[in-house]
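A.B. asks: The structure that follows is given in the form of structure tokens.
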Amino acid sequence: MIEVMPAETTQILFLGGAAGVGKTSVSVEVSAVLRRSRVAHALVDGDNLDASYPGPLDSGRPWLSLTNLTKLWGTYQAAGQHRLVYVNTVSVLEVEELRSAVDPQASVTAVLLEAEPDALTDRLRRRERGSELDEHLSRSARWAADLRSRAPEWVTRLDTTGASVSAVAEAVVALTGWVQPQARAAAEGGRDVPRWV
């Protein structure tokens, strides 16, 4: 049976980090872990909320992402969802604005994914095949430093260097408390679930 929280309880997991740190891969795996454990949730990639040209800041529409998130969450909520996994580079710096767009009373877990500079460079070189590799490398280095210095102390930091996507996702899910260890082990067929901190 799928577990659905009472309507008054909204829970949000914010995943942030520089390009190449593994945000998208980890968020998809977090969703898979939750799905296998029969935990109802919605997964939203914040990059898709303002994927337009000209972009929100270039066009005088800085409100676009939050407006789209409010409308999208309203649809998910009407369908009975009460948990949101939200992934975006700077989500851990914008927790209050994002929480307000979803539910000002929501319970929040925020995780900043980090990696060593060489690991970020290597991942981006393998991922980016187009003309913007240099821009991605430069932007990723800037964001990594900015996030490291500006993320609030209460945000949990996880180093993804050398860790598997599944191990990082398991650590993230454990931080939310949305899945009890016994349920996770049962969903994984009784085998030991990897732990990584």
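A.B. asks: Per residue, how big is the convex hull of region 71-140 when only Cα atoms are used? Give it in Å³. All intermediate terms of the calculation are to be shown ahead of the outcome.
C.D. replies: Working: hull volume 9.3 nm³, N = 70.
Considering the Cα atoms of region 71-140, their hull volume per residue is 133 Å³.
A.B. asks: What is the distance, in nm, between label points placed 7 Å from the Cα along the Cα-to-Cβ direction at Arg148 and at Asp118?
C.D. replies: 1.5
A.B. asks: Could you pull the Cα extents of region 19-101 along its three principal axes, largest to smallest, in whole Å?
C.D. replies: 42, 33, 22
A.B. asks: Based on the Kirkwood radius over alpha-carbon pairs, what value in µm²/s does the Stokes-Einstein equation return for the translational diffusion coefficient of region 11-187 at 10 °C and 1.306 mPa s?
C.D. replies: 94
A.B. asks: Got a sec? How would Asp134, Asp122, Asp45 order by Cβ neighbour count within 10 Å, fewest to most?
C.D. replies: So the residues, fewest neighbours to most, are Asp134, Asp122, Asp45.
A.B. asks: Please work out how much length the chain gains when fully extended from Glu128 to Ser164, using 0.36 nm per residue of separation minus the C-alpha to C-alpha distance, in nm with one decimal.
C.D. replies: Details: separation 36, 0.36 × 36 = 12.96 nm, distance 2.01 nm.
Using 0.36 nm per residue and subtracting the Cα-Cα distance, I get 11.0 nm.
A.B. asks: According to a simple spin-label model (label point 7 Å from Cα along Cα-to-Cβ), what is the distance in nm between Thr67 and Gln180?
C.D. replies: 4.5
A.B. asks: Follow-up question, since we're still on this one. What net charge is computed for the residues neighbouring Glu132, neighbours being all others with C-beta under 13 Å from the C-beta of Glu132, Lys and Arg scored +1, Asp and Glu -1?
C.D. replies: Details: positive: Arg125, Arg127, Arg129, Arg139; negative: Glu128, Asp134, Glu135.
With Lys, Arg at +1 and Asp, Glu at -1, the neighbours total +1.
A.B. asks: Here's a follow-up. Mind giving me the nanometre distance, one decimal, between the label points for Gln81 and Arg38, set 7 Å out from Cα along Cα→Cβ?
C.D. replies: Going by the 7 Å Cα→Cβ label model, 2.1 nm.
Readers should treat all values here as calculations from the given coordinates under stated rules, not as data from a laboratory. This one's a predicted model, so the numbers in the text were calculated from it and none came from an experiment. Positions of Cβ are generated from backbone atoms using ideal geometry, with glycine treated the same way; all protein chains shown enter the neighbour counts.
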